[in-house]
Amino acid sequence: MNLTEKPWIWAWLGTVSIWLVIASISGLSAGTEVLTAAASFGTFFVLVAIGQMFVVTLGPGNVDLSIPACMTLASTVAMKVMNGSEAMLIPGFLIVVAIGLTIGAFNFALIILLRIPPIIATLSSSFLYLSTAIWYNRGLRVKPPEALAEFATGKIGVVPLLAIAVLILTVLMHFVLHRTYFGRSILAVGQNAKAAHLAGIPVERTRFLTYVMCAVLAAICGYFLAGFSGGAALNMGEEYLLMSIAVVVIGGTSVAGGFANLPGLWGAALFMFLLVTMLNTLGLSAGYRLILTGAIIVAVIAISGKKR
Amino acid sequence: MINDLPVVDVHGVGKSFGAVNALQDAHLVVQPGECVGLVGHNGAGKSTLMNILSGVLSPDTGTISFAGEAITARYGVSEAKQFGLRCVFQELSLCPNLTVAENARITHPQIRGFGWRNDASELIKNWLDEVFPDNGIKGDDVVGDLTIARRQMVEISRAFSSLDEQVRLVILDEPTSSLDKISADQLLTFVKKFTAQGGSVILISHMLREVLSTSDRIVVMRDGTMVADDATENFDRDRLVREMGSVLAEDAEEASAETARANTARVIQIPAKDGIDLNVFQGEIVGFAGIAGQGQTEKLIQIFDASNGKVNAVNIDNAAAFVAGDRQAAGVFPGWSIEKNISIASVRMMVQRYLIDPLQEINISNEWKERLGIRTDDLSNNILSLSGGNQQKVLFARALGSPAQIVLMDDPMRGVDIGTKQDVYAILKQEAENGRTFVWYTTEMDELKHCDYVYVFRDGEAVAELPSHKVTEASILNASFDPATAA
Amino acid sequence: MSRYLTANTMRTLLPALSLAAILAAIFYLQPRTMSYFGLNLLLNLAVPIALATIAQMFILCVNDLDLSLGAFVSLTACITATWLYDTPVLGVLALAGCVLAYAALGALIHLRNLPSIVVTLGMSFVWVGIAVLILPTPGGKAPEWIRALMTLKPALIPFPIIAVVVIAIVVHFGLMKSAAGVVLRGAGGNPLSVERAGWSLLKVKVTMYAISGFFGVLSGMALVGLTTSADANIAERYTLLSIAGAILGGSEFVGGRVSPIGAVIGAVTLLLTGSFLSFLRLNPDWQIGAQGAILILVLAMRMLINRSDKRS
């Protein structure tokens, strides 16, 4: 297949060209540092975007808007339960996974029982999760256990530990998407849910598992992000709403559903981070930075879009 | 404006998509007051020709003139409308969120200003009553709430409707595919009336009987060009089929004398609710008949869901596979290759250590490509690169390739050419002899002759069962309308 | 009358019933609100929210979703509070430019066949960026005439009520009853057939986005008329509010099924929800959560009506 036909090629081209700009302005060693930072932050983007991508692939209207609230609730509860104790690391992690499972199941229950579009279901439920997080901890910031912070910020050479872990997860998910029955089912449901049902695919079970997986990944992301940034905060998930969707789409996954890829997520996550960094490097004020970020997202979409 | 110039004169028109010559040196003349029947296999070039006439596509070569006026390069959908040309396309093209009257307004921009709603409502109702008397459709019915048959009636009536402009030529592409017999007859009667008044019609249909009974002249297309063009009285069914280039259907098939049910295990049993018990035995081909939309499809889906343990009203022990008739809505995965479209119902069995074995996937696709004669040189091509008939074969391959021993078929031959049909009939017979069971809903009389047993449906339930030797058009129609006499 | 019709009527009535229920609850908790002055205060922000919801509804009608509406309303509010106040000509030109930008967005989305969610997501950065440049710190001033209009005190009926009713009726006749509105909605229901009938889908999309932009501009202006100053994030919540309001009012995500009257009612209902919760003296931690719960509740009721419809 022609390389330009690969859906993820644009995100990677953008990433490389922006990095070249940054490196040519600030020099090679600064360029390497930026890359390390991009990998650190990009890892969190990718972690939530994997879940979002599977959800988006389920077909038109499928998107999870409760990711930020899920991250916040899971990390808030985990930090308070662990209370900085390293002995509680594993129980804390299990609690995070349990919260993710619950949230995913609740989201799906709303979608299926109320027959409402996922966008509205996850939007309304996210208010509930956020309220629960506020009520549970009143916005107090509890420090993460030392070991968690060390792991979340740790590096091997210039490569962040967490990035390696998420990279392995990405490869795994690549196989899940293309080679397992679950992945095949998601793609089938996204292209034609009725045909999928008549081909014997358990449509609702597939959707259920996908929403649960998305919530669990978001919860885990919250756990490590709290470790990375010294504790959970109520607004910690804020930028992840837009970012998770932007990364999925810039990465070449079809918003119409039924068509997804994993390499694009990394390309898009690095691209988004490097973009902001480059605009900072150029010394632009916040206003211009926002305008350019938005304009470039739109431009990327417009270029990769198909002409009618 | 009286002239005896042809309404349409297509002269030597050609059109190709990439390397494929969809149309070459096509000729078609339609005179005022004439109904021309256009027949041919799927992929013979009929749709391309119609899309060119209606202005959706522009031809590569040749000329087209309307009433003697050659069309220009700027010819498009709105120019076609101005010439008085209307099309009823195969897929329904009404807006489901609008009312019947509002849909009429969409095609009549001159209905506007104060009181437009009444004008539109009156216009469409008049034409509905003209074409389909006693239709029971109201102007403020929302189209999405209507049955498919009624939607098609609205669509057809809308195409004929006119205010002050003259409708000179109406192209009907498989207009009766969703209509029951009565409505279909009403339409064909109206077509004769319309042409008697000087209008022209191009009738595209796979229902050869309709074409033979309604049109004045028949044009046969094959491989993108016209192979026959003659007055209807010079045609009969055999000649049509011969010209289309397909094997003559073996009508002389010996009707098996036995009337008893197969002497095998019962694989499906549905206790009666209002109608009669429904039983299917292993190795049988059981037909579902009756007027379209009497719950046959729903029953098939119910059986299918029961095979997955989701419904209790049906007793079925084996796994079932489904062949959809509505390819776009319920069959094809448009983003996938032919291979993945075939294997999707089987991949669950090909999982080894969590991963699908790609070799098995290729094997099963290749096997069924060969057996059904799917015309492609590469199974990794996108499914949409196939013609409609071949896409349907892919859906058959999907079901037959799966391990399921029961195959449910939802009027799968809708709009499929005779050649494809013959290929599939042969395979079905072979598979049934090997012990596979088929439940086959069909709207085509001819296909019921392939069934061992036929259930006739009315109001969502089976109301009559007919062994194969009793299956005639008369007995089916009889049961469709009055269950008491057929029982 | 068939059962089907009653279920249909119920569906149409549901938004109005939820509004009545929440209004009754507020009157019960706080009888003083049942006055001219009380209602004026309760519904203070109804006009800008209703306008934003209408703007969102026009986008929903062509099967798109605008995730930048809140940012856009913030931007138009900033322009109103600065340029329109200081140099009216420049202000009017800038606001007209905003409407044109929306029209252009519609053209871009149509011509390149883009997902509206992502395009508007990107545009929300752009709108906020421009707003920050125009008004780096909260401030500005409302033009006198807007202020005067928004604080009108007509006899008997409070201004916000008159205003939202007028908005609902105007849009209802424009979109649901006019001959031109049929084409616009038809393009949401079956774009291909509308195109084959000779209409330009590009024009439809551009028109719908332009109208949406126009109502977005009106929303920003009305908002400044009430708050008298602006900031770059003043209407951030409007994106979600407008989507929720339109859906609450019976609009659907696809298929061109929308209801302007419902959208206005939905917007007002959501607005009142906030007041209702504060009258309840609910623990402030649960304020947002309760809003989500109410949205879920109304959608659950709609589902129950739909289900009884199917059974009958």
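The values are calculated or read from the model by the stated rules, or taken from the named source; none is laboratory data. This structure is a prediction, so every number in the text was calculated from the model and none was measured. Every residue, glycine as well, gets a Cβ built from its backbone with ideal geometry; the counts of neighbours run over all protein chains shown. SASA here: full protein model, heavy atoms, side chains in, ligands and nucleic acids out. Shrake-Rupley method; radii C 1.70, N 1.55, O 1.52, S 1.80 Å.
Being within 22 Å of C:Ile243 (Cα to Cα), in contact (Cβ under 8 Å) with a residue 40 or more places away in the chain, touching a helix residue (DSSP H, G or I) at 6+ places or on another chain (Cβ under 9 Å) and of a type outside the set (Ser, Thr, Tyr) is true for just one of C:Ala101, C:Ala142. Which residue is that?
So the residue among C:Ala101, C:Ala142 that is within 22 Å of C:Ile243 (Cα to Cα), in contact (Cβ under 8 Å) with a residue 40 or more places away in the chain, touching a helix residue (DSSP H, G or I) at 6+ places or on another chain (Cβ under 9 Å) and of a type outside the set (Ser, Thr, Tyr) is C:Ala101.
Among the listed residues A:Pro91, A:Pro60, which satisfies the condition of being closer than 26 Å to A:Phe259 by Cα and open to solvent by 20 Å² or more (accessible area, probe 1.4 Å)?
Matching residue, one of A:Pro91, A:Pro60: A:Pro60.
Only one residue in A:Ala246, A:Ala163, A:Ala218, A:Ala188 is closer than 25 Å to A:Asn261 by Cβ, of a type in the set (Gly, Ala, Ser), touching a residue at least 24 places away in the same chain (Cβ under 8 Å) and touching a Cys at 6+ places or on another chain (Cβ under 6 Å), so which one is that?
After applying the criteria, what remains is A:Ala218.
A quick yes/no check of all residues on (1) over 19 Å from the mean Cα position of the chain (by Cα); (2) open to solvent by 20 Å² or more (accessible area, probe 1.4 Å); (3) more than 8 Å from every other protein chain (Cβ to nearest Cβ):
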{"site": "A:Lys194", "(1), (2), (3)": "yes, yes, no"}
{"site": "A:Phe208", "(1), (2), (3)": "no, yes, yes"}
{"site": "A:Met213", "(1), (2), (3)": "no, yes, yes"}
{"site": "A:Val216", "(1), (2), (3)": "no, yes, yes"}
{"site": "A:Gly227", "(1), (2), (3)": "no, no, yes"}
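Scan the stretch A:89-118 and report the pairs whose first residue is in contact (Cβ under 8 Å) with a residue 24 or more places away in the chain and whose second residue is among the polar types (S, T, N, Q), with Cβ atoms within less than 7 Å and a gap of 6+ or a chain change.
A:Ile103/A:Ser66; A:Asn107/A:Ser66; A:Asn107/A:Thr122; A:Asn107/A:Ser125; A:Pro118/A:Asn62
Could you tell me how many of the residues in the stretch B:375-396 are farther than 25 Å from B:Ile291 by Cβ, within 12 Å of chain A (Cβ to nearest Cβ) and aliphatic (A, V, I, L, M)?
Adding up the residues that qualify gives 3.
Residues that are polar (S, T, N, Q) and under 26 Å from A:Leu187 (Cα atoms): does the stretch A:281-296 have at least one?
The answer is no, given that none of the residues of the stretch A:281-296 is polar (S, T, N, Q) and under 26 Å from A:Leu187 (Cα atoms).
Considering only residues of the stretch C:238-271 that are within 14 Å of chain B (Cβ to nearest Cβ) and among the aliphatic types (A, V, I, L, M), which is most open to solvent (accessible area, probe 1.4 Å)?
Among them, the one singled out is C:Val254.
For the structure I just gave you, tell me whether A:Gly258 is on the phi > 0 side of the Ramachandran plot, more than 11 Å from chain C (Cβ to nearest Cβ) and either within 15 Å of the chain's Cα centre (by Cα) or modelled with pLDDT of 85 or more (or both).
In short, yes.
For the stretch C:116-171, list the helices (runs of 4 or more DSSP H) that sit wholly inside it and hold at least 2 residues that are within 14 Å of another protein chain (Cβ to nearest Cβ) and on the phi < 0 side of the Ramachandran plot; which are they?
Filter on the stretch C:116-171 gives C:116-134.
Would the stretch C:95-105 turn up any residue that is within 14 Å of chain A (Cβ to nearest Cβ), surrounded by fewer than 24 Cβ atoms within 10 Å (Cβ to Cβ) and not hydroxyl-bearing (Ser, Thr, Tyr)?
Yes: one or more hits.
Taking the stretch B:304-317 only, how many residues are within 12 Å of chain A (Cβ to nearest Cβ) and either touching a strand residue (DSSP E or B) at 6+ places or on another chain (Cβ under 6 Å) or in a loop (DSSP other than H, G, I, E, B) (or both)?
5
Find the residue count for the stretch B:264-303, including only residues that are open to solvent by 30 Å² or more (accessible area, probe 1.4 Å) and within 14 Å of chain A (Cβ to nearest Cβ).
4
For the stretch A:176-190, name all the residues that are surrounded by fewer than 22 Cβ atoms within 10 Å (Cβ to Cβ) and either more than 21 Å from B:Tyr354 (Cα to Cα) or at the interface with chain B (Cβ under 7 Å from one of its Cβ atoms) (or both).
A:Arg179, A:Thr180, A:Tyr181
Please verify whether B:Ala432 is open to solvent by 10 Å² or more (accessible area, probe 1.4 Å), over 20 Å from the mean Cα position of the chain (by Cα) and among the small types (Gly, Ala, Ser), treating the condition exactly as stated.
yes
Which residue pairs have Cβ atoms closer than 6 Å, lie 6 or more positions apart in sequence or on different chains, and pair a first residue in the stretch B:318-337 that is more than 7 Å from chain A (Cβ to nearest Cβ) with a second residue that is charged (D, E, K, R) and crowded, with 18+ Cβ neighbours inside 10 Å?
Listed by first residue and then by second, the contacts come to B:Gly325/B:Asp410; B:Gly325/B:Asp411; B:Gly325/B:Arg414.
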